[in-house]
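Here the structure comes first, spelled out in structure tokens, and everything after it is commentary.
Read-outs: derived from the displayed coordinates by stated rules, not from any lab. Quantities reported herein were computed from a predicted structural model and do not represent experimental measurements. All Cβ positions, even for glycine, are placed from backbone atoms using ideal geometry, and neighbour counts span all protein chains on display.
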């Protein structure tokens, strides 16, 4: 990896004409221009990189920039799930909307305190999730849903698409939370946030 790649980081201050990268590496977006295959900044502002879509943009200094950082609480939609990780399109950072497109990665080991064998028991495509940014390693936002306020805050039935309602059931001495579809009777499990279904973003 070249030295130039190593210093590319979201939030870095950048000036017009500064070299950002090459079109083989990134897709140029707002606040950039391309000359001879090289992407340059056309603004004074902050560099923003979405490491999943590879879009790169520069947000002007005059606008208050909002992007995820380690420690940020974010809300997003699950857009892709693989056997050990889910990709989450971030739509909110704290109580603000982000400046640009960002995707977070949630590894199965960071979903909950208890061991999860199958990621699909905790998350499904389209779920709205609250998570915490725990790392920016390899220019990616790594997320965690550990903690009672973290996890799925809205889920849709995977059979009919209706919003799932919270349902409690007694299992031995434990009170178990499940999600239930009033339209088709389907029951599903998720890693549920403590305020599930209350509309808290």
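Before moving on, here are some points about what is shown:
- Extent of region 47-103 along its three principal axes (Cα atoms, max minus min coordinate, largest first): 42, 24, 17 Å.
- Taking the C-alpha atoms of the chain, convex hull volume expressed per residue in Å³: 132 Å³
- Spin-label model, residue 117/residue 22: points 7 Å from Cα along the beta carbon direction are separated by 4.8 nm.
- Fraction of alpha-carbon pairs over 20 Å apart in region 9-100 - percent: 40 percent
- Alpha-carbon spread of region 3-60, three principal axes, descending order, Å: 24, 22, 22
- Compactness relative to 2.2 N^0.38 Å, alpha carbon Rg of region 140-201: 1.21
- Largest GNM mean-square fluctuation among 139, 173, 190, using the chain with Cα springs under 10 Å: 173.
- Rounded to the nearest whole angstrom, the semi-axes of the ellipsoid equivalent to region 73-153, taken from the Cα gyration tensor as √(5λ), stand at 19, 13, 12, largest first.
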